[in-house]
Amino acid sequence: MQVHAEFREALNEYRSDYDIGGTGRYYPTPKGVQAQGSGADYHYANETQFFRAIERARHFDRNNMVVGQGVNRLAANLVQDGFTLNVGTKDKGADQALKDRWYEWSEDPEACDYEGEKTFYQMEVLAARTVPVDGDIFCLPLEQGSLQWMEAHRCRRPASMRRNTCLHGVNLDSDTARRKSYFFTREDVDPLGRVKTLKDVIEVQARGDDGEKQVLHVYWPQRFSQRRGVTAFAPVGLPIQYHDDIQFANLVATQVQSCFAILEQQLAGMNVPPPARTGNEAQTGARTTEALEDGTTRTQEGMAPGMRVRAKEGWGLTGFAPTIPGPRYIEHSLMILTIIAINLDLPVHVLLLDPSRTNFSGWRGAIEQARIRFRVMQRLLINQFYSPVYRWKVRQWMTEDRGLQSVFEKHGNAIFGHTWNPPTWQYIEPLKDIQANTLEAASSGTSRRRQAARRGDDWDELVPEIAEDNGKLIEAAYLKADALNKQYPELKLTWRDVISLPMPDGVTVQISPETEKPAPKVETAA
């Protein structure tokens, strides 16, 4: 009984914890962690490895045959034709004035770009493309009214700074751990080179005297204690490398096979000693000599299409045609591409622009799930970049525009009121989705302005456009019907006969036989 009790107690102790917290054959201790727990910054504290990861991700983006296209696809889905601004200051005149000034500034490269090269739209596309590759990017709103961009490798910690208060250029307050300032190299430097003193960097305060951000840090954190962004390729560096190697190996193998493939075998009953090499044998290709570790040399002979291969005495030649690519090549390559795609928050069908491996339901389900994550990233871009830039421009315009100052004096911070409408995506099944939107609006499930915002449109702009377009159409139809009636009195046309507008829901029109007072009979549904 005593043994049984001890065994039961030991078993209870063994099962009273989480397996994931233990160590053993199947749970080795992870490398580079503290047993007591550590902040997110701890895991990329090594500066050399941190910036090498950025450069390796850029290498994948530049040279891998798939990765760069996946990044393009992600940025295109996030930004599309651009985010639309909706201003709401409680003053309609100020709303229109601010919107006009914003689009005037954003479409002028000389005004919005420090280098005078890019429009605001080009910058937002590049920002959305850079973050998943580098992990983060920095934008500096300048006093002259333009934006200056600092790529990830330029935010560096001088060697003279303490590591625990400055992490790769992000300087923290020692008491509150809030971002105090940022250090940027004066010019592009070797990402793996040393930045020694404060003379090598420019310090920019994180916030101005008014409390507004002076450095816009665009990144997608995964933990609260994370001060720098990490490339989306961090978990898939090896699969990407394997993908390159596998593709290269199969291309070379296919090329060799198209040249020739021969097996040499000794004929039965023949035992001919190899002849001594004199260097005068028939040569079929360029020869190279390689020195081996044991001091001997090995001569290799090149090959080329159309070359003739002669067998030695007592030996025969047999053709060989291997399966190129291998039987599991397609499945394995697709698995690697799927791993790369999901780390870019893309369905593999979107990455490859090839939905042939799934049906319509699978395509739609994958797209809908991807769009959930797209909307999260769009919201991060609004919070970290779009809204701070707009507030900064309004503060600048207020200093030179007395009208805006009056609005601020009257309505206070309402002058900064605005919303950004991120772009949405085209219908996958247009008829069903439009019917669903119509039913939703008709049943007061939502407002039309919110439906327009989901599509990335501005309802305040749509309403006058719709009214003006319909008015022009009705006016032109009325004039045309009147002209036809004068020319052909027996027609008795109305403007509705000239154009075909849909009738309101529940209303039908029935034409009765001609009487003394012909008139259409209008019926309404119960």
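The values are calculated or read from the model by the stated rules, or taken from the named source; none is laboratory data. Only a predicted model underlies this, so the values are computations on that prediction, with no experimental measurement involved. When we count neighbours, we look across all protein chains shown, and the Cβ atoms used for this are built from the backbone with ideal geometry, even at glycine.
Checking Leu381 against (1) more than 17 Å from Ala75 (Cα to Cα); (2) modelled with pLDDT of 90 or more; (3) part of a helix (DSSP H, G or I), which single condition isn't satisfied?
Going through (1) more than 17 Å from Ala75 (Cα to Cα); (2) modelled with pLDDT of 90 or more; (3) part of a helix (DSSP H, G or I) one by one, Leu381 breaks only (1).
Among Val125, Val170, which is surrounded by 17 or more Cβ atoms within 10 Å (Cβ to Cβ), among the aliphatic types (A, V, I, L, M) and over 23 Å from the mean Cα position of the chain (by Cα)? Outline the logic, then answer.
On the way: Val125 fails: over 23 Å from the mean Cα position of the chain (by Cα).
Result of the check over Val125, Val170: Val170.
For Gly229, are the conditions met, namely being surrounded by 14 or more Cβ atoms within 10 Å (Cβ to Cβ), at positive phi, touching a helix residue (DSSP H, G or I) at 6+ places or on another chain (Cβ under 9 Å) and modelled with pLDDT of 90 or more? Don't jump to the end; show me each part of the working.
Details: surrounded by 14 or more Cβ atoms within 10 Å (Cβ to Cβ): yes; at positive phi: no; touching a helix residue (DSSP H, G or I) at 6+ places or on another chain (Cβ under 9 Å): yes; modelled with pLDDT of 90 or more: yes.
Answer is no for this residue.
Would you check if Pro132 is farther than 22 Å from Arg186 by Cβ and either in contact with an Asp or Glu (Cβ under 9 Å, 6 or more places away or on another chain) or not hydroxyl-bearing (Ser, Thr, Tyr) (or both)?
On the way: farther than 22 Å from Arg186 by Cβ: yes; either in contact with an Asp or Glu (Cβ under 9 Å, 6 or more places away or on another chain) or not hydroxyl-bearing (Ser, Thr, Tyr) (or both): yes.
It is true that Pro132 is farther than 22 Å from Arg186 by Cβ and either in contact with an Asp or Glu (Cβ under 9 Å, 6 or more places away or on another chain) or not hydroxyl-bearing (Ser, Thr, Tyr) (or both).
Kindly list the number of the only condition in (1) surrounded by 21 or more Cβ atoms within 10 Å (Cβ to Cβ); (2) modelled with pLDDT under 95 that fails for Phe138.
Here Phe138 clears every test but (2).
Pairs please, first residue from region 78-103 and closer than 21 Å to Tyr121 by Cβ, second anywhere and part of a strand (DSSP E or B) and modelled with pLDDT under 90, Cβ atoms under 8 Å, 6+ apart in sequence or on different chains.
Phe83/Asn421; Thr84/Asn421; Leu85/Asn421; Asn86/Asn421
Out of all the residues in region 136-156, which are part of a loop (DSSP other than H, G, I, E, B) and either in contact with a helix residue (DSSP H, G or I) (Cβ under 8 Å, 6 or more places away or on another chain) or over 16 Å from Glu212 (Cβ atoms) (or both)?
Hits for region 136-156 are Gln144, Gly145, Ser146, Arg156.
Go through region 369-391 and report how many residues are within 18 Å of the chain's Cα centre (by Cα) and in contact (Cβ under 8 Å) with a residue 12 or more places away in the chain. If you could, list the steps in order and put the result at the bottom.
Within region 369-391, the subset within 18 Å of the chain's Cα centre (by Cα) is 369-386.
Checking which are in contact (Cβ under 8 Å) with a residue 12 or more places away in the chain leaves us with 369-371, 373-375, 377-382, 384-386.
Result for region 369-391: 15.
Test of understanding: among Lys99, Lys118, Lys92, which residue is of a type in the set (D, E, K, R) and surrounded by fewer than 16 Cβ atoms within 10 Å (Cβ to Cβ)?
Only one candidate qualifies: Lys92.
Output the residues belonging to region 144-178 that are of a type outside the set (Val, Ile, Thr) and over 20 Å from Phe51 (Cβ atoms).
Of all residues in region 144-178, those of a type outside the set (Val, Ile, Thr) come to 144-164, 166-169, 171-175, 177-178.
Across region 144-178, the qualifying residues are Gln144, Gly145, Ser146, Leu147, Gln148, Asp173, Ser174, Asp175, Ala177, Arg178.
Would you check if Ala481 is out of contact with any Leu (no Cβ under 9 Å at 6 or more places or on another chain), assigned to a helix (DSSP H, G or I) and surrounded by 13 or more Cβ atoms within 10 Å (Cβ to Cβ)? Quick ask: steps written out before the conclusion?
Working: out of contact with any Leu (no Cβ under 9 Å at 6 or more places or on another chain): no; assigned to a helix (DSSP H, G or I): yes; surrounded by 13 or more Cβ atoms within 10 Å (Cβ to Cβ): yes.
No.
Quick check: is even one residue across region 120-134 at positive phi and not aliphatic (A, V, I, L, M)? Can you show your working first?
Restricting attention to region 120-134, the residues satisfying the condition of being at positive phi are none.
Scanning region 120-134 turns up no residue that is at positive phi and not aliphatic (A, V, I, L, M).
Conditions tested, residue by residue: (1) assigned to a helix (DSSP H, G or I); (2) more than 30 Å from Trp392 (Cα to Cα); (3) at pLDDT below 90.
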position	(1), (2), (3)
Gln426	no, yes, yes
Lys432	yes, yes, yes
Arg449	yes, no, yes
Leu462	yes, no, yes
Asn470	yes, yes, yes
Asp497	yes, yes, yes
